[in-house]
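Here's the structure we're looking at; comments come further down.
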Amino acid sequence: MGRSRLSQGAAAALLLAASLQTASAQFYKIDTLDAIKQSAKTLAYDMMLMYPGNKTGQEPGILPGPPTENKGDYYWWQGGALMGTMIDYWHLTGDTEYNKIISEGILNQVGEGRDFQPAKHRASLGNDDQGFWGMTAMLAAENKFPDPPKDKPQWLALAQAVWTTQAAPERHDNTCNGGMRWQVPPTNAGYDYKNTIANGCFFNIGARLARYTGNKTYAEHAAKTFDWLWAVNYIDNENYRVYDGGHVNNNCTDIHKAQFSYNIGVLLQGCAFMYNYTDGGAIWKERVEKLTESIFRDFFADGAAYELPCEQKKGGCTADMLSFKGYVHRWLAVASQVAPFMADKIRPVLRKSAEMAVKQCTGGATGRACGFYWTGGEYIDPAIDKTSGAGERMNVLAAVSSLLIDQAAAPVTNSTGGTSAGDPLAGTIPSKDRTFKEITTGDRAGAAILTMLLLGSATSTFGWMSWDR
């Protein structure tokens with residue numbers, strides 16, 4: 001009898017523990033629209049607990065860092081990625097709680113030339129770093145994020161400024177028959193490397209500016225950039241796998257074949273915008289289809305987003321890599337809007353991945369902290385990857401928020417309700433007193449202006465970009 005009662009007690013204890021574990025695992029519910037919004041709201045709250053930019057004495061717009069200065073785990077560009085994630089959160093849920101903080105954070109990082117090259121971060125500037133901030137500004141314009149005061153830089157003009165500085169001749173030399181280098185200052189490690197993400201951000205912004213403004217110059221440069229990535233085989237011509245880059249000293253033939261999800265993701269979304277801009281152009285349709293097939297095959301094979309180069313070994317991913325899943329969820333969701341023929345293929349995959357993501361959010365004192373490893377179904381503390389967990393939180397927030405994409409308005413354009421003020425000359429004059437104006441028919445026909453800037457006269461036009469190093 002005694003053993004029988006002990007066994008029953010032990011069984012009851014095990015049952016209780018199991019029920020508690022199940023309850024904890026189901027903290028984030030995503031089975032209804034209201035549940036998704038509530039889960040996203042809690043995830044956003046936990047994410048913003050890690051953002052110091054709204055505190056006295058802290059720098060608005062960035063996460064703690066950089067690690068090279070022992071200030072935290074995160075680099076400058078990841079602040080831009082966070083701002084974009086929170087803009088999407090607002091757009092998808094309607095929650096305005098963080099809008100003022102986000103707007104102030106973005107505007108604090110625009111820099112003296114209003115082109116996301118602030119002096120404080122210029123010495124370590126990469127084209128991809130600037131590109132991430134540019135994509136966030138573009139997103140703000142497309143989502144009709146509340147416009148800044150008239151005396152401040154405007155979202156569309158900021159995206160144009162990034163594109164124009166990156167289209168300048170000094171960013172595109174003849175090595176490897178074109179393409180941008182990873183880093184901007186020649187003294188930086190990585191200046192000899194031409195990679196996919198730098199060129200992918202430029203392609204992505206150009207495709208979206210083409211759709212927003214109707215200006216064909218943006219589209220022409222976007223197409224040229226994609227063709228270059230294809231020609232140097234950073235996009236595998238057989239299977240559409242996307243590789244990381246190559247060195248100019250080897251004519252970019254020593255391809256580093258690591259496959260990072262944000263490389264293929266940023267290209268896929270850009271192709272979707274080009275598909276939309278060209279009213280269903282066959283070549284862009286095929287590229288959307290092939291890249292989607294490739295990203296699902298390599299990065300979603302087990303249902304959840306999986307960072308192929310580093311996730312197989314715990315502690316193998318850097319703080320950068322630990323944030324890629326969220327960008328991919330966000331970019332794929334929007335791709336399903338601007339290339340709607342892919343919605344039925346993309347959205348079920350994103351839902352399955354989000355379900356697996358929230359299942360492992362059972363950690364920390366709250367019982368809802370999220371880790372990076374989604375496929376195993378259990379929480380693994382971010383400490384194993386030597387970070388404080390900002391990327392991990394941002395990933396799950398993006399995955400959950402993106403489930404609302406079918407309820408959200410598609411990205412607007414200048415002719416479908418866009419309100420952000422544009423400036424075709426943004427990025428050419430570092431004036432703090434520039435007057436921004438609304439895009440006009442003349443601006444949409446202003447390809448000649450941009451073309452002129454990008455031809456022979458551009459050397460002097462962009463001369464101010466030669467800062468002291």
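The values are calculated or read from the model by the stated rules, or taken from the named source; none is laboratory data. On a predicted model such as this, the values are computed, not experimentally measured, just so you know. So basically every Cβ, Gly included, is an ideal-geometry build from the backbone, and we count neighbours across all protein chains shown.
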Q. Do we find that D88 is crowded, with 17+ Cβ neighbours inside 10 Å, under 17 Å from N395 (Cα atoms), within 18 Å of the chain's Cα centre (by Cα) and acidic (D, E) in this structure?
A. yes
Q | Count of residues meeting criterion [out of contact with any Lys or Arg (no Cβ under 8 Å at 6 or more places or on another chain) and surrounded by fewer than 24 Cβ atoms within 10 Å (Cβ to Cβ)] in the stretch 390-408 | A | 2
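How many of the residues in the stretch 136-154 are part of a helix (DSSP H, G or I) and surrounded by 24 or more Cβ atoms within 10 Å (Cβ to Cβ)?
Adding up the residues that qualify gives 6.
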Q. So which of G111, G179, G94 ends up being among the small types (G, A, S), on the phi > 0 side of the Ramachandran plot and surrounded by fewer than 17 Cβ atoms within 10 Å (Cβ to Cβ)?
A. G94
Q) Within the stretch 340-395, which residues are within 25 Å of Y75 (Cβ to Cβ), among the β-branched types (V, I, T) and under 22 Å from the mean Cα position of the chain (by Cα)? A) T387
Q: Check the stretch 108-121 and report whether any residue there is of a type in the set (G, A, S), modelled with pLDDT of 95 or more and part of a loop (DSSP other than H, G, I, E, B).
A: yes
(Q) of a type outside the set (G, A, S), in contact with a Leu (Cβ under 7 Å, 6 or more places away or on another chain) and at pLDDT 95 or above: which single residue out of Q38, Q78 fits that description? (A) Q78
(Q) Residues that are over 20 Å from S401 (Cβ atoms) and surrounded by 18 or more Cβ atoms within 10 Å (Cβ to Cβ): does the stretch 41-50 have at least one? (A) no
Q) Any chance the stretch 320-343 includes a residue that's surrounded by fewer than 23 Cβ atoms within 10 Å (Cβ to Cβ) and not in a helix (DSSP H, G or I)? A) yes
(Q) So the check is Cβ under 7 Å with 6+ separation or different chains; which pairs have a first residue in the stretch 252-266 that's over 12 Å from L308 (Cα atoms) and a second one that's outside any helix (DSSP H, G or I) and aromatic (F, W, Y)? (A) I255/Y234; I255/Y243; H256/Y243
Q.
Can you tell me which residue is farthest from T225 (Cα to Cα) among those in the stretch 182-200 that are buried (at least 16 other Cβ atoms within 10 Å of the Cβ) and hydroxyl-bearing (S, T, Y)?
A. Y193
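Look at K359 and say whether it is among the charged types (D, E, K, R), over 30 Å from A409 (Cα atoms), surrounded by fewer than 24 Cβ atoms within 10 Å (Cβ to Cβ) and out of contact with any strand residue (DSSP E or B) (no Cβ under 8 Å at 6 or more places or on another chain).
No: the conditions fail for K359.
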Q. So D302 fits all but one of (1) closer than 16 Å to V349 by Cα; (2) crowded, with 17+ Cβ neighbours inside 10 Å; (3) among the acidic types (D, E); what number is the exception?
A. (2)
Q. Considering only the stretch 241-251, how many residues are of a type in the set (A, V, I, L, M) and either touching a His at 6+ places or on another chain (Cβ under 9 Å) or in contact (Cβ under 8 Å) with a residue 60 or more places away in the chain (or both)?
A. 1
Q: Kindly indicate whether any position in the stretch 282-299 is over 25 Å from N215 (Cα atoms), over 16 Å from the mean Cα position of the chain (by Cα), of a type in the set (S, T, N, Q) and not in a loop (DSSP other than H, G, I, E, B).
A: yes
(Q) Yes or no: the stretch 266-281 includes at least one residue that is of a type outside the set (S, T, N, Q), part of a strand (DSSP E or B) and under 30 Å from N215 (Cβ atoms). (A) no
Q. Out of all the residues in the stretch 231-263, which are closer than 27 Å to C317 by Cα and in a helix (DSSP H, G or I)?
A. V248, S261, Y262, N263
Q) What number of residues within the stretch 122-135 are touching a helix residue (DSSP H, G or I) at 6+ places or on another chain (Cβ under 9 Å) and in a loop (DSSP other than H, G, I, E, B)? A) 2
Q.
I'm checking my understanding of the structure. Among residues of the stretch 346-402 that are among the acidic types (D, E) and part of a helix (DSSP H, G or I), which one is farthest from A319 (Cα to Cα)?
A. E355
